[in-house]
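What follows is a set of notes on a single structure, which appears directly below.
The values are calculated or read from the model by the stated rules, or taken from the named source; none is laboratory data. For clarity, every value in this text was computed on a predicted model and none was experimentally measured. Because the Cβ atoms are built from the backbone with ideal geometry, glycine has one as well, and the counts that use them run over all protein chains shown. Note: accessible area is taken over every heavy atom of the protein model, side chains too, but ligands, DNA and RNA are not part of it. Shrake-Rupley method; radii C 1.70, N 1.55, O 1.52, S 1.80 Å.
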Amino acid sequence: MAANSLNPNNWVDKYSDYLFNYTIVRVNDREIANDIISETFLAALKSAKNFKGEASERTWLISILKRKIIDYYRKINSRKGKAEVRINYNTDSNEGDWLEEQVADSSDMTAEDVMENNELGLAILDCLDSINEKHAAIFKRKTIDGLDTEEICNEFDITPSNLWVIIHRARTALAACLEKNWF
Amino acid sequence: MGVKKKNFLIDCSEAGICCDKAQYKDASFSEKAKLLIHLIYCKICRKRTFRNSKLTKLIKESKLQSCPEDQKKVWKEQIQTKNTTENP
Ligand SMILES: [Zn+2]
């Protein structure tokens with residue numbers, strides 16, 4: 001039996017935040033990001049038979065996503081040549097071998113800053129993967145979505161003091177997880 | 001007087017929660033006051049508060065976003081429909 005198997009019914013719950021954050025900084029548009037992720041899921045289902053189980057499910061999805069992002073830039077480049085894009089892609093490589101530079105038009109951050117922040121964001125999502133699923137969901141609601149305590153308590157049927165204990169545990173675990181590379 | 005004074009002294013776990021609330025600007029005036037008083041004499045919590053604030057800064061810098069639940073629903077439906085035709 002292969003080490004890793006595919007479970008398409010869990011893809012959205014498990015990976016959509018990761019895929020979305022990976023994509024959004026690279027295409028700078030929510031609608032386009034959503035479309036690219038749709039295409040990625042569909043392409044993944046189409047080639048599910050070819051999945052050998054050597055990579056993790058997420059790594060495999062990301063490799064398909066990268067190709068879809070490249071396809072997107074090829075399309076707009078051949079149409080307009082508006083953004084200057086350089087892409088290096090190695091088919092049998094890891095995530096880090098992929099380089100894309102995009103001319104930033106509106107912000108004063110360099111492309112490098114944007115990519116570093118994105119890497120940090122993905123590391124945070126990685127760390128959240130290793131804590132209790134419900135706690136991670138509550139943490140995301142509070143921290144990323146910025147919802148009110150009351151709203152979250154209603155959604156998850158918990159008391160405010162439950163919420164703060166969960167947030168405390170999540171933050172402690174997250175800080176410990178990020179410690180090595182980011183603190 | 002004695003009782004009031006005691007109310008303003010909190011233990012480390014309560015200080016931790018006050019600090020978390022402060023990270024989200026959810027701490028009340030009295031919680032902030034209690035935390036500050038605690039930090040005067042508790043070195044461990046001073047360290048923890050520094051770390052917690054650093055975490056807040058990192059999260060902010062990461063610019064993480066979550067995709068809306070509606071979009072997740074769309075993807076789930078697409079996957080289900082396609083999966084039954086591709087891999088019955
Ligand atoms: Zn203390």
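The figures follow:
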| item | result |
| --- | --- |
| Identity of the residue in the range B:62-88, open to solvent by 30 Å² or more (accessible area, probe 1.4 Å) and among the charged types (D, E, K, R), that ends up farthest from the ligand (Cβ to nearest atom) | B:E86 |
| Hits in the range A:1-60 (condition: over 16 Å from the mean Cα position of the chain (by Cα) and at the interface with chain B (Cβ under 8 Å from one of its Cβ atoms)) | A:P8, A:N9, A:L42, A:L45, A:K46, A:A48, A:K49 |
| Candidates B:S13, B:S66, B:S53, filtered to the one that is of a type in the set (S, T, Y) and closer than 30 Å to A:A44 by Cβ | B:S66 |
| Cβ pairs under 7 Å, 6+ apart, first in the range B:9-29 and within 20 Å of A:I144 (Cβ to Cβ) and modelled with pLDDT of 95 or more, second near the ligand (Cβ under 9 Å from one of its atoms) and basic (K, R) | B:C19/B:R48 |
| Any hit, the range B:37-60, residues being more than 26 Å from A:A137 (Cα to Cα), surrounded by fewer than 16 Cβ atoms within 10 Å (Cβ to Cβ), more than 11 Å from chain A (Cβ to nearest Cβ) and at pLDDT below 95 | no |
| Of the criteria (1) more than 16 Å from the ligand (Cβ to nearest atom); (2) in contact with a Leu (Cβ under 7 Å, 6 or more places away or on another chain), which one B:I59 fails | (2) |
| Exclusive hit being under 19 Å from A:V165 (Cα atoms), open to solvent by less than 90 Å² (accessible area, probe 1.4 Å) and within 16 Å of the ligand (Cβ to nearest atom), set B:S28, B:S13 | B:S13 |
| Some residue of the range A:58-69 being under 24 Å from A:I138 (Cα atoms) and either in the same structural domain as A:E116 (by TED's automatic domain parsing) or open to solvent by 20 Å² or more (accessible area, probe 1.4 Å) (or both) | yes |
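Let's see how each residue does on (1) more than 19 Å from A:A175 (Cβ to Cβ); (2) out of contact with any Pro (no Cβ under 8 Å at 6 or more places or on another chain); (3) at pLDDT 95 or above:
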| position | (1), (2), (3) |
| --- | --- |
| A:N118 | yes, yes, no |
| A:F139 | no, yes, yes |
| A:T149 | yes, no, yes |
| A:D157 | yes, yes, yes |
| A:L163 | no, yes, yes |
